[in-house]
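The values are calculated or read from the model by the stated rules, or taken from the named source; none is laboratory data. Since the model is a prediction, treat every value here as computed from it, not as a measurement. Here the Cβ positions follow ideal geometry from the backbone for every residue, glycine too, while neighbour counts run over all protein chains shown.
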Amino acid sequence: MARIKKSRKVGRIGVPKESWAPRKPKDPNNTKPKKHKGNPSGSRHSAVELNQQSPQQSKQNDPRVGSKKPIPLIVEAKEFKSKPKPSKPKYFSPAQELAELENNDRLNNLLDEMDSGVVLSADDKRYVDKKLARHRELCDLLGINGEAETIGEQAENKEDDPFARFESININEFK
C-alpha cells in the first residue's frame, strides 16, 4: 500500500453535488410562518388605515401625531411665591405712627407686667425692646423730650426763649 504523506490541506469531505442537477422548487404550502418581533419596519411612516366601519369619525386620527400641549420656546423666569408677610400699617407721618405705638394694647399690657415684676418670655421681651426702640426714634425725630417736663421747667424755658418773650408781650400796654 502506498503511503500518503501528512499535509495541512484538507481534501474534500463528502461527495460533491452534481452541478447540472436542477433545484427543486419550494412548496409554498409547507413553509413555516415567520416569527415576527415588534412592529413592522416603517410603520410610523406608512399611511395609517382606520376602520372604515365607523363613519362617525369624520376626522382621521393619525397616531404619529403626539401631544397637543404647546411647548414654550423661550424659558421665562419663574416667580417665586413667598409666604405673604403680615402687612405693616403704613403711616403718613411719624406722629401717626407714634400715636399708634402709644395706643398699642399688647405693648401696654407687657409694660404693665414688667412694672409689676413679672418676668417676660424671650419673644415678649424682644417685642417690647423693638417697640421701645422705635418709640425713642420717633420721639427724637419729632423733637419730643422723653422726660416729663414740669410746669416750672416750662416757665424757665419761656424766660430764656426770646421768641416766647416776644409772643407773650401785650401790645395794648405800649399804646
| query | Limited to the range 91-125, what total is found for residues that are touching a residue at least 12 places away in the same chain (Cβ under 8 Å) and outside any helix (DSSP H, G or I)? | reply | 1
| request: Spot the failing condition for Q52; the list is (1) modelled with pLDDT of 75 or more; (2) assigned to a loop (DSSP other than H, G, I, E, B); (3) among the polar types (S, T, N, Q), and only one is missed. | output: (1)
